[in-house]
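Asker: A single structure is presented below for examination.
The values are calculated or read from the model by the stated rules, or taken from the named source; none is laboratory data. Just so you know, these numbers come straight off a predicted model, no measurement behind them. All Cβ positions, glycine included, derive from the backbone under ideal geometry; neighbour counts span all protein chains shown.
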């Protein structure tokens, strides 16, 4: 439940050494840079405000990589020097690659045009005369195209006009054909056909002879162009294979210089010196300082985080391997503050328990575990690892419920063997167990809420926020009021003992609630006394606001606790759904049974799996995190060169 | 046909209604910058994709696009008609009659404007085989007298021939022609409704058609009073006699209004009280056609969802489809003539 300890670092040196320092920083990937605050700067120091000189060349080489369809990655580049020769090399490669790419796209455009022409000419295939003869006639005009089928019906209207239309082909809504008219009537006829929405198609220059001949000619031209295309592609591929390493080396060099230069914005310079500051992990501090031993004109100073006022330290979570995947969920909510705690393990434990309770099935749990492992192996997505933990929890609860792929009452032998046969397996569909699982959910929710309040108290005391720790609805006052009410209710439910006496109600419930009501003035009083800084603005107390807050707090105590009943409810619904599947399987007979059981299990696993994951996450976010968690932390992002992504 | 098969057709109409444009799609369409953009959107993201599948959305003409849209609706009605044998048959025939009548009216309008030769351009080809009159021959008519000759053996002749033959086609009284033809059409429509056997079906259709007539009368009063500045007697003469809720008292109240603001106020009150269809927030920018359309749209939507009578559901669907077509035409023309999206939205009904 930890957050890595940070150390603040100041690096000061001669301006001429700034680039070398930044290169070391990006290479080691330990240093999280922060802007140097104005009050920390020596007089005369100013921010570095320069445009990055490597933007242009980086963009060019990125274009080369994109044209070659190469994913950018690091390649050894120590021998590459950024000089005119390298610039010329980039220009040369760029023009060659562009030449190939332009040629390919030109051929593709040509192929598209020929494909289109082919389709159009195919509509003319009924025509048995030469196309050139039709269109080259001296005294007649011909026009090839298509018009809507509806318009063809309207041709009757123009039967007095001097033209005739030869339909050649028909597709769904359009009729293809050619109209022929004396040249002197061409304009008038064009007007008529325009009113019929006739779409004229121009016959390309390369189309000659009869349509059949033209089609075969175009087809052979298409084959030629395709061969040409393949040849150009092969040349490009050969060029790529030959120059790939050089291109990637140059890319890596330019990327290092570009990204390193971009970190200059964090530095301030003046009096021929530079100053840059940031955070490193405390455990890396010695190694980090030693890195600069060979640079006599550079001073590295480390300071404890407590001595720093201007910068909030970044957060790097440290979680045990078992619950590390749950950091994803924590990050989705927002990182904790540096001075708070890492809730990943707590969240992981609670999430797994709730998931197991709601999705308790030995067989399905094993499947989830396996699916999680596969998902992790092929996608490296942390959700896969979360699934393995949830699957393991389902296996455990499946043992407790005696459920395996919907077959209830299994594992009785196992429980008898370890001497717990009288209690387990606990069939959820039996009436007493159904009630018990709801009571367990209620108690489970109460315990979780109380533990969240305890964490809030601990963090409040640790960070000297006494108002939050003592008087808030999630502080000691809230803890007392809540634990008294719900502890007493649980006692009545489990053992029938009623401890609600007037003294108990006054001291254990009303007084804590009274303290919560006046939490604002009480907090203000204590903060004023402890903190010397009187200028800090204190929250104003308003009786009306406090009254509404109070109503909200009391209602939320109840609603939040009842919210946990869904854990039991979903456990029951899971069992009930599997019961339905089993009933169906019995109805279809011996042959269909395995299929129904298989399909039913897949359906329930997907449906319930999704519901349970979402509900467990909702409970953690809303009922638990809301009590103690501040997601104001900023992530620890050490300076580094990112090769994989294009900038 | 049994009640059960009617239910199947009703379900089919509901499914078609489910494919009509949604408010979000209208928003997208209004945001389009050109007619090809609209065509492309309709082709790729709406139920019009089928009819526009082979259309070249870049070269498409505005009128062609409108014809495609109308054709899609007509194909929908025809699909429904295939399953109707008894109860909904009459309503489908009335719909065809209305299309036919609208074509005659369009020709009269063009004759009056001296542009009869433009009739063929917008003639929807899909109607050629459905209408009883030969629309190609209609397209060749070049005078009102010629039109009367052409319509000689049709029910339209007796209606139009009552009018005094104009000396010049520019003097044709289009409003009178429209009124006479519609009056005749509604009369036949009500005759058809009265021949229905089910009481609930009769009531529902009476309400639907009656509301349509009310709306037409209100628009007519508004236009004649505000735009043409006719006196009350002239206006009264040109109203359809089959009003549903627009009683003579109400008509007199509207006609007696002192000025336009007063009339607007009366109409707004009438809409708010009688139909409850308009919210107070919609009172600004009072466009009478939009409000009558809103009322019609809501009533039709209500019957489409609630009625179990095939004729009612079919007629409600027909009106809703026609409203969708007008919306699309407003959008296409609005975008074509660079009207701002806010102005276009004021004309739409959904």
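Asker: Does residue B:139 qualify as being within 13 Å of chain A (Cβ to nearest Cβ), more than 17 Å from residue A:150 (Cα to Cα) and under 23 Å from the mean Cα position of the chain (by Cα)? Spell out the reasoning first.
Answerer: On the way: within 13 Å of chain A (Cβ to nearest Cβ): yes; more than 17 Å from residue A:150 (Cα to Cα): no; under 23 Å from the mean Cα position of the chain (by Cα): yes.
For residue B:139, the condition - within 13 Å of chain A (Cβ to nearest Cβ), more than 17 Å from residue A:150 (Cα to Cα) and under 23 Å from the mean Cα position of the chain (by Cα) - is not met.
Asker: Here's something else I'd like to know. Going through B:57, B:27 one at a time, which residue ends up being more than 25 Å from the chain's Cα centre (by Cα) and farther than 20 Å from residue B:316 by Cα? Walk me through how you get there before you give the answer.
Answerer: Working: B:27 fails: more than 25 Å from the chain's Cα centre (by Cα).
Step by step, each of B:57, B:27 is checked, and only B:57 is more than 25 Å from the chain's Cα centre (by Cα) and farther than 20 Å from residue B:316 by Cα.
Asker: Quick check on this structure: which one of A:507, A:514, A:500 is more than 42 Å from the chain's Cα centre (by Cα) and not in a helix (DSSP H, G or I)?
Answerer: Numbers: A:507 fails: not in a helix (DSSP H, G or I); A:514 fails: not in a helix (DSSP H, G or I).
The unique qualifying residue is A:500.
Asker: Suppose we filter A:348, A:363 for residues that are farther than 19 Å from residue A:630 by Cβ, in contact (Cβ under 8 Å) with a residue 12 or more places away in the chain, in contact with a strand residue (DSSP E or B) (Cβ under 8 Å, 6 or more places away or on another chain) and part of a helix (DSSP H, G or I); which single one remains? Spell out how you get there, then give the answer.
Answerer: Values: A:348 fails: in contact with a strand residue (DSSP E or B) (Cβ under 8 Å, 6 or more places away or on another chain).
Exactly one of A:348, A:363 is farther than 19 Å from residue A:630 by Cβ, in contact (Cβ under 8 Å) with a residue 12 or more places away in the chain, in contact with a strand residue (DSSP E or B) (Cβ under 8 Å, 6 or more places away or on another chain) and part of a helix (DSSP H, G or I), namely A:363.
Asker: On to the next question. Which of (1) in contact with a helix residue (DSSP H, G or I) (Cβ under 7 Å, 6 or more places away or on another chain); (2) closer than 21 Å to residue A:462 by Cα does residue A:353 not meet, given it meets every other one?
Answerer: Result: residue A:353 fails condition (2) only.
Asker: Here's a follow-up. Note down all Cβ pairs under 8 Å where the first residue falls in the stretch B:154-166 and is over 16 Å from residue B:185 (Cβ atoms), the second is outside any helix (DSSP H, G or I), and they're at least six residues apart or on different chains.
Answerer: B:163/B:173; B:166/B:172; B:166/B:173
Asker: Let me ask you something else. Quick check on the stretch A:492-508. Is at least one of its residues in contact (Cβ under 8 Å) with a residue 24 or more places away in the chain and within 30 Å of residue A:433 (Cα to Cα)?
Answerer: Yes, the stretch A:492-508 has at least one match.
Asker: Kindly indicate which of B:159, B:121 is within 14 Å of chain A (Cβ to nearest Cβ), in contact with a helix residue (DSSP H, G or I) (Cβ under 7 Å, 6 or more places away or on another chain) and not in a loop (DSSP other than H, G, I, E, B). Even if it seems obvious, please write down each step before you answer.
Answerer: Values: B:159 fails: within 14 Å of chain A (Cβ to nearest Cβ).
Checking each option against the conditions leaves just B:121.
Asker: Checking the conditions here, which among B:77, B:81 is without any contact (Cβ under 8 Å) to a residue 12 or more places away in the chain, surrounded by 17 or more Cβ atoms within 10 Å (Cβ to Cβ) and either more than 27 Å from residue B:160 (Cα to Cα) or within 14 Å of chain A (Cβ to nearest Cβ) (or both)?
Answerer: None of the other options fit; the residue is B:81.
For every residue, the table says whether it meets (1) at pLDDT 90 or above; (2) within 14 Å of chain A (Cβ to nearest Cβ).
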{"site": "B:28", "(1), (2)": "yes, no"}
{"site": "B:51", "(1), (2)": "no, yes"}
{"site": "B:62", "(1), (2)": "no, yes"}
{"site": "B:68", "(1), (2)": "no, yes"}
{"site": "B:86", "(1), (2)": "no, no"}
{"site": "B:90", "(1), (2)": "no, no"}
{"site": "B:100", "(1), (2)": "yes, no"}
{"site": "B:104", "(1), (2)": "yes, no"}
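Asker: Let me ask something additional. With the condition kept exactly as written, say whether any residue in the stretch A:37-60 is out of contact with any helix residue (DSSP H, G or I) (no Cβ under 9 Å at 6 or more places or on another chain) and under 25 Å from residue A:281 (Cβ atoms).
Answerer: Yes, the conditions are met somewhere in the stretch A:37-60.
Asker: Looking at (1) under 40 Å from the mean Cα position of the chain (by Cα); (2) crowded, with 18+ Cβ neighbours inside 10 Å, which one does residue A:425 not meet, given that it meets all the others?
Answerer: It is condition (1) that residue A:425 fails.
Asker: Condition first: closer than 17 Å to residue B:103 by Cβ and exposed (fewer than 15 other Cβ atoms within 10 Å of the Cβ). Now tell me which residues in the stretch B:158-186 satisfy that.
Answerer: Here is the first cut: in the stretch B:158-186, the residues closer than 17 Å to residue B:103 by Cβ are B:159-160, B:172, B:174, B:177-178, B:180-182, B:184-185.
Correct list: B:174 only.
Asker: What is the residue count in the stretch A:440-452 for residues that are under 31 Å from the mean Cα position of the chain (by Cα) and surrounded by 20 or more Cβ atoms within 10 Å (Cβ to Cβ)? I'd like the intermediate steps shown before the answer.
Answerer: Here is the first cut: in the stretch A:440-452, the ones under 31 Å from the mean Cα position of the chain (by Cα) are A:445, A:448-449, A:451-452.
Right, trim to surrounded by 20 or more Cβ atoms within 10 Å (Cβ to Cβ) and you get A:445, A:448-449, A:452.
Qualifying residue count for the region: 4.
Asker: When you check residue A:369 against the structure, is it touching a strand residue (DSSP E or B) at 6+ places or on another chain (Cβ under 8 Å), surrounded by 18 or more Cβ atoms within 10 Å (Cβ to Cβ) and over 17 Å from residue A:570 (Cβ atoms), yes or no? Even if it seems obvious, please write down each step before you answer.
Answerer: On the way: touching a strand residue (DSSP E or B) at 6+ places or on another chain (Cβ under 8 Å): no; surrounded by 18 or more Cβ atoms within 10 Å (Cβ to Cβ): yes; over 17 Å from residue A:570 (Cβ atoms): yes.
In short, no.
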